[in-house]
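Asker: Here you go, one structure.
The values are calculated or read from the model by the stated rules, or taken from the named source; none is laboratory data. As the structure is a prediction and not an experimental result, all values here were calculated from the model. Here the Cβ positions follow ideal geometry from the backbone for every residue, glycine too, while neighbour counts run over all protein chains shown. Accessible surface is based on the protein model in full, side chains and every heavy atom, while ligands, DNA and RNA are left aside. Shrake-Rupley method; radii C 1.70, N 1.55, O 1.52, S 1.80 Å.
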Amino acid sequence: MTENKSVSPASHVGRPAPVSAAGLPLPKRWLATIAFIWAGQAMSMLTSGAAGYAVVWYVTESTGSALVLAFMTVCVLLPTGLISPFGGVVADRHNRKAIMIAADGAVGLISLVAGLLILAGDVSLPLLLAVCIARAVAQAFHSPAMMAAMPLLVPDEHLLRINVLDQLLVSLTSIGAPALGIFLYTTLGFSSVMFLDFAGAVFAILGLALAKVPTVTDKAAKQQHVLANLRDGWRAVTAHRGLGLLIVMVTAGMMTFGPLSAVFPLMTYDHFGGDGYAASLTEAAFGIGMLAGSVVLMVWGGGKRLAALIAAAAIVVGLATATCGLLPSDAFGTFVVLVAIMAVACAWFNGPLMTLVQRTVTEEKLGRAMGLITAALGLATPVGVALGGVLAEAVGVAPFFIIDGLICLVVGCVTYLPKAIRALDEDTGSGRR
């Protein structure tokens, strides 16, 4: 059961009032609410991306080891995977707007403290690891609340586009954040990047404070034990067999693709002999590709076969990744182009998957469903990074790209074979639930 749920839309001048994907009436200026939220989130993404890349480059310069980079990445991603299910429970029990504000505030304070410690000369791998873990814990509560709130704020026909907006902003920040992080890191010092991230968190909180987000909670969830909440969320996800299978396949894909995020800088640094700006160029190319792919998806709308789109994207990513591993050391330009192509396909993963989940799972259980999915993807990535880091250290970074790409190619080829997954596309035109 829910509060403030499924109110019949009123008419305005002979036309029905806009209705959200969750069935709630929307204000005529619903787009302004989205603008307030995403303006703040965009600034936070930019500053967090700059801070995150400064950390990655510090570790790369200090150690030059794929294994250390992989270990850091695992430790950063693991809390998100472990805690997100509980973040989903909180999102279904309490005000989602307040949860997002609290999470953004925690990230800001963490960055402020880190900046002060680094400014005092106390920069070390344990400090950076502790900071990244704390930020990941905050994200574990922010992400399920954010994704569960979106169907409350936009009409169903625009749901995919709003979900793609998330990765569109990630793409835009990926273009500028690494260069911004490197610039501040090399000119004003490491601490300046952390202080900028604090300012970005403040801006995100302001954007949320100005937006009106409906409150939808599950009364039954408040009376249940946390484990019972998690069980209900799992049942909501697996009620449609095809959705459960698709999530398994996407999880496998994340295990395969995850290690690349840890060894991308080392591929530039070790195989191509590039410096920090070359590495940031690679990241920018990935961001440009994600941007192009996201824009195409927003304009196109994804069509009716979202599950097929996910499978096709995995195939393209696999082919591009394997080809990267075959490049000679003087082909950095080709590597950058292939990274951009890879990113175009990557843009077609998250938005379609989240849209299928939001259309399939009821609103009062959506926070838990998003929490469990975030956990699955969050745990898959560090497991993949850990295995990939060991493999890259053993065989070399370029051969690792070949192996990783071939595995991703196989995952993409088998994803669309199950009839239950194909049925998700057949049900797309029937509405949200």
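Every residue, every condition in (1) within 23 Å of residue 358 (Cα to Cα); (2) of a type in the set (Gly, Ala, Ser), yes or no:
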position	(1), (2)
245	yes, no
280	no, yes
288	no, no
296	yes, no
303	yes, yes
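Asker: Within the stretch 114-166, restricting attention to residues that are assigned to a helix (DSSP H, G or I) and of a type in the set (Val, Ile, Thr), which residue is nearest to the chain's Cα centre (by Cα)? So that I can check it myself, show each step before the final result.
Answerer: Filtering the stretch 114-166 for residues assigned to a helix (DSSP H, G or I) gives 114-119, 125-153, 156-166.
Still in the running and of a type in the set (Val, Ile, Thr): 118, 131, 133, 137, 162, 164.
Details: 118: 28, 131: 19, 133: 16, 137: 14, 162: 14, 164: 11 Å.
Looking at the filtered set, the residue picked out is 164.
Asker: Within the stretch 323-332, does at least one residue satisfy the condition of being within 25 Å of residue 80 (Cα to Cα), open to solvent by 30 Å² or more (accessible area, probe 1.4 Å) and assigned to a helix (DSSP H, G or I)? So that I can check it myself, show each step before the final result.
Answerer: We begin by selecting, within the stretch 323-332, every residue within 25 Å of residue 80 (Cα to Cα); these are none.
Scanning the stretch 323-332 turns up no residue that is within 25 Å of residue 80 (Cα to Cα), open to solvent by 30 Å² or more (accessible area, probe 1.4 Å) and assigned to a helix (DSSP H, G or I).
Asker: Please indicate, with yes or no, whether at least one residue in the stretch 412-433 is β-branched (Val, Ile, Thr), part of a helix (DSSP H, G or I) and either under 13 Å from residue 263 (Cβ atoms) or open to solvent by 50 Å² or more (accessible area, probe 1.4 Å) (or both). Before the answer, list the steps.
Answerer: First, the residues of the stretch 412-433 that are β-branched (Val, Ile, Thr): 414-415, 421, 428.
In the following step, the residues that additionally are part of a helix (DSSP H, G or I) were identified as 414-415, 421, 428.
In the following step, the residues that additionally are either under 13 Å from residue 263 (Cβ atoms) or open to solvent by 50 Å² or more (accessible area, probe 1.4 Å) (or both) were identified as 414.
Yes: the stretch 412-433 contains one or more residues that are β-branched (Val, Ile, Thr), part of a helix (DSSP H, G or I) and either under 13 Å from residue 263 (Cβ atoms) or open to solvent by 50 Å² or more (accessible area, probe 1.4 Å) (or both).
Asker: What are the residue pairs meeting all of these: first residue in the stretch 292-306, first residue without any contact (Cβ under 8 Å) to a residue 24 or more places away in the chain, second residue buried (at least 17 other Cβ atoms within 10 Å of the Cβ) and assigned to a helix (DSSP H, G or I), Cβ atoms under 8 Å, and 6 or more apart or on different chains?
Answerer: What qualifies is 303/309.
Asker: From the list 411, 395, 390, exactly one residue is under 22 Å from the mean Cα position of the chain (by Cα) and of a type in the set (Val, Ile, Thr). Which is it? Explain how you work it out, then say what you get.
Answerer: Numbers: 395 fails: under 22 Å from the mean Cα position of the chain (by Cα); 390 fails: under 22 Å from the mean Cα position of the chain (by Cα).
Just a single option satisfies the conditions, and that option is 411.
Asker: Ok, one more. Among the listed residues 52, 40, which satisfies the condition of being at pLDDT 80 or above and crowded, with 24+ Cβ neighbours inside 10 Å?
Answerer: Unique residue meeting the criteria: 40.
Asker: Would you point out the residue of the stretch 188-225, among those that are at pLDDT below 90, of a type outside the set (A, V, I, L, M, F, W, C) and over 24 Å from residue 90 (Cβ atoms), that is surrounded by the fewest Cβ atoms within 10 Å (Cβ to Cβ)?
Answerer: The residue in question is 189.
Asker: Here is a list: 398, 369. Which entry is buried (at least 21 other Cβ atoms within 10 Å of the Cβ) and modelled with pLDDT of 80 or more?
Answerer: Values: 398 fails: buried (at least 21 other Cβ atoms within 10 Å of the Cβ).
On inspection, the qualifying residue turns out to be 369.
Listed here are the residues, each with its yes/no results for (1) aromatic (Phe, Trp, Tyr); (2) at pLDDT below 85; (3) over 27 Å from residue 148 (Cβ atoms); (4) surrounded by 23 or more Cβ atoms within 10 Å (Cβ to Cβ).
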{"site": "361", "(1), (2), (3), (4)": "no, yes, no, yes"}
{"site": "364", "(1), (2), (3), (4)": "no, yes, no, no"}
{"site": "393", "(1), (2), (3), (4)": "no, yes, yes, no"}
{"site": "409", "(1), (2), (3), (4)": "no, no, yes, no"}
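Asker: Scan the stretch 285-313 for residues that are over 25 Å from residue 407 (Cα atoms), assigned to a helix (DSSP H, G or I) and open to solvent by less than 30 Å² (accessible area, probe 1.4 Å) and jot them down.
Answerer: Of everything in the stretch 285-313, just one residue is over 25 Å from residue 407 (Cα atoms), assigned to a helix (DSSP H, G or I) and open to solvent by less than 30 Å² (accessible area, probe 1.4 Å), namely 297.
Asker: Continuing with the same structure: Does residue 183 count as aromatic (Phe, Trp, Tyr) and either in contact (Cβ under 8 Å) with a residue 40 or more places away in the chain or touching a Ser or Thr at 6+ places or on another chain (Cβ under 6 Å) (or both)? Full working, then the answer.
Answerer: Numbers: aromatic (Phe, Trp, Tyr): yes; either in contact (Cβ under 8 Å) with a residue 40 or more places away in the chain or touching a Ser or Thr at 6+ places or on another chain (Cβ under 6 Å) (or both): no.
Judged against the criteria, residue 183 is not a match.
Asker: Only residues that are open to solvent by less than 60 Å² (accessible area, probe 1.4 Å) and acidic (Asp, Glu): list them for the stretch 128-167, please.
Answerer: 156, 166, listed by residue number.
The rows are residues; the columns are (1) among the small types (Gly, Ala, Ser); (2) modelled with pLDDT of 90 or more; (3) open to solvent by 20 Å² or more (accessible area, probe 1.4 Å); (4) over 25 Å from residue 203 (Cβ atoms).
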| site | (1), (2), (3), (4) |
| --- | --- |
| 61 | no, no, yes, yes |
| 69 | no, no, no, yes |
| 74 | no, no, yes, yes |
| 80 | no, no, yes, no |
| 95 | no, no, yes, no |
| 103 | yes, yes, no, no |
| 109 | no, yes, yes, no |
| 123 | no, no, yes, yes |
| 126 | no, no, yes, yes |
